[in-house]
Amino acid sequence: MQKITSIKVNAYQTDYHQIIDQAGIAVGQPYARWAGQQKSFSFSFRKNYQVSSVDLDLDPKSGKAFIKVHERVFAGFVFYKNAWHRLNRDSNVGNYVSVPDGRSPIYTGFNLHSDYFKQTVKNYFKLGQLSRSAVSQIILVSSGSRTKEIAIVMNDGNLVYTSPASIGKLELYPQMAAVIRQRNLNRGVIDLISGNFARPFNDQDQKVLNDADNRR
């Protein structure tokens with residue numbers, strides 16, 4: 001009897017293991033269990049807000065399973081009209097959520113209708129998936145000489161100052177973070193605007209974070 005020999009998932013943002021676990025499919029299961037079960041397979045994702053539908057394709061000769069995930073891809077979250085809302089990849093405010101899920105960043109301090117904000121979201125989405133998932137918060141800096149820059153809070157606690165046009169440099173973040181570790185900084189700052197590559201946090205950096213909290 002043919003069995004499932006391998007599983008390949010084609011997804012843009014959704015985690016591979018999440019798809020496998022939610023579907024209940026596994027290597028070694030009988031092929032016949034899943035043959036002709038496209039409708040029920042997709043139905044199992046009806047409560048997953050990230051997934052609009054799922055296609056399951058099975059190769060009866062090899063037992064290989066191919067899963068294509070059609071996703072509702074989000075750019076992050078904004079606090080809008082006293083509530084959290086999802087933000088789609090076109091920088092439009094979407095439906096209400098109780099709290100951000102931590103899978104995409106929070107945007108703070110932006111005019112949601114400005115070209116500056118739209119450019120920020122657009123260039124964030126040009127990053128690879130691993131780089132996007134490393135970002136926790138994107139802040140419009142509006143204090144002192146840093147006005148109209150953005151500060152990006154990374155999941156590891158480091159802070160990156162940049163501009164919408166330079167967000168693509170975050171593809172090199174692993175190398176930047178390595179420099180911070182080499183300098184024995186518990187929490188470091190990478191300033192792509194001034195060229196000061198890695199330095200310790202200071203009071204002004206903390207003020208940027210505090211101001212962002214107060215603006216929500």
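General observations
- For the chain, the longest principal axis of the alpha carbon atoms and the long axis of helix 173-182 meet at an angle near 60°.
- Net lengthening on full extension, S62/N202 (0.36 nm per residue, minus Cα-Cα): 44.5 nm
- Tail beyond 24 Å, pair distance distribution of region 1-115 (Cα, percent): 39 percent
- Based on alpha-carbon atoms, the Kirkwood radius and the radius of gyration of region 118-216 give Rg/Rh equal to 0.93.
- Accessible area of the chain belonging to carbon and sulfur atoms, whole % at 1.4 Å probe: 50 percent
- Remark: for residue pairs K47/K126; K81/K148; K68/K122; K3/K47; K118/K148; K8/K61, the C-alpha separation exceeds 18 Å in K47/K126; K81/K148; K68/K122; K3/K47.
- Accessible surface for D57 stands near 90 Å², nearest 10, in the context of the full protein assembly shown (1.4 Å probe).
- Per-bin percent of Cα-Cα distances, region 10-67 [5 Å]: 4, 17, 34, 25, 14, 6, 1
- Accessible area, probe 1.4 Å, largest first, for residues K47, K207: K47, K207
- Within region 119-170, the trypsin sites (Lys or Arg not before Pro) that combine a DSSP coil assignment with at most 14 other C-beta atoms in a 10 angstrom radius are K126, K148.
- Gain upon complete extension [S133, K81; 0.36 nm per residue less C-alpha separation]: 16.1 nm
- Choice from S42, S91, S62 showing the highest fluctuation, given a GNM over the chain with Cα pairs closer than 10 Å: S62
- Inverse of mean 1/r across different Cα pairs in the chain, Kirkwood, Å: 19.4 Å
- The distance between label points at M1 and N92 comes to 4.8 nm (points 7 Å beyond Cα on the Cα→Cβ vector).
- To the nearest 10, the accessible area of H70 is 60 Å² with a 1.4 Å probe.
- Counting only protein heavy atoms and a 1.4 Å probe, the chain has 53 square angstrom of accessible area per residue.
- Solvent-accessible surface (1.4 angstrom probe) belonging to V160, in square angstrom, nearest 10: 0 Å²
- Helix 203-214 vs. the chain, principal-axis angle (Cα, 0 to 90°, nearest 10): 60 degrees
The values are calculated or read from the model by the stated rules, or taken from the named source; none is laboratory data. The structure displayed is predicted, hence computed values, not measured ones. In this analysis, Cβ positions are derived from the backbone assuming ideal geometry, glycine residues included, and neighbour counts consider all displayed protein chains. Quick note on the areas: whole protein, heavy atoms, side chains included, nothing else; ligands and nucleic acids left out. Shrake-Rupley method; radii C 1.70, N 1.55, O 1.52, S 1.80 Å.
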